[in-house]
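Colleague: Right, I'll just put the structure down here and ask away after.
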Amino acid sequence: MLQVTRNQPALAPMRAMFNNLADGLAGPSATRSLPLDILERDDHYAIVASVPGLTRDQVSVELEKGVLSISANAVTDVKDDAGEACGTDGDCCCRIRQERFTGASNRRVRLPVDIDEQSVEACLENGLLTVTLPKPEASGPMRIAIT
């Protein structure tokens, strides 16, 4: 009988890469940049960031010196059949594979100078964080008297 050996040493690094893909890219210690869109309307800018499954307590929006900072902290509390928490440190007997991202994500965006910083609003709905940045009201050209 011919025995086929499938564990060829030359392919071991590739197998390891695919087997550890979720751990290396989406593990608990990874830090990710939040995906977002920046839109411009006539009277405001809008920044829309994807934060699926997160609550308002897990997301933070700050504005300082013309830079908008969005931070998110995704924590998953996985429980086994007995209702015992597995934790998020990766040392869990019930977790076989973790592909959903947990941990911190953040994004910083330098804002245009023409926004009304006092009227900025943020809304989290259906996994989308929308930050509305109103433009100041146009005053039109100013007539200067000649003396």
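The values are calculated or read from the model by the stated rules, or taken from the named source; none is laboratory data. In this text the structure is predicted, and so the values were computed from the model without any measurement. When we count neighbours, we look across all protein chains shown, and the Cβ atoms used for this are built from the backbone with ideal geometry, even at glycine.
Colleague: Which of the residues belonging to the stretch 55-70 are under 15 Å from LEU36 (Cα atoms) and surrounded by 15 or more Cβ atoms within 10 Å (Cβ to Cβ)?
Modeller: Those that are under 15 Å from LEU36 (Cα atoms) and surrounded by 15 or more Cβ atoms within 10 Å (Cβ to Cβ): VAL59, VAL61, LEU68, ILE70.
For every residue, the table says whether it meets (1) more than 18 Å from ASP43 (Cα to Cα); (2) at pLDDT 85 or above.
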residue	(1), (2)
ARG107	yes, yes
VAL113	no, no
GLU121	no, yes
GLU125	yes, yes
LEU128	yes, yes
LEU133	no, yes
GLU137	no, no
MET142	yes, no
ALA145	yes, no
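Colleague: Right, another one. Looking only at the stretch 71-93, filter to residues that are under 18 Å from ARG32 (Cα atoms) and of a type in the set (A, V, I, L, M, F, W, C); which one of those is modelled with the lowest pLDDT?
Modeller: VAL75
Colleague: When you look at THR132, is it closer than 18 Å to SER71 by Cβ and touching a helix residue (DSSP H, G or I) at 6+ places or on another chain (Cβ under 9 Å), yes or no?
Modeller: no
Colleague: How many residues are in contact (Cβ under 8 Å) with a residue 60 or more places away in the chain, hydroxyl-bearing (Ser, Thr, Tyr) and exposed (fewer than 15 other Cβ atoms within 10 Å of the Cβ) when one looks only at the stretch 96-134?
Modeller: Qualifying residue count for the region: 0.
Colleague: Being within 18 Å of PHE101 (Cβ to Cβ), at pLDDT below 55 and within 13 Å of the chain's Cα centre (by Cα) narrows it down to one residue among ALA49, ALA26, ALA22; which is it?
Modeller: ALA26
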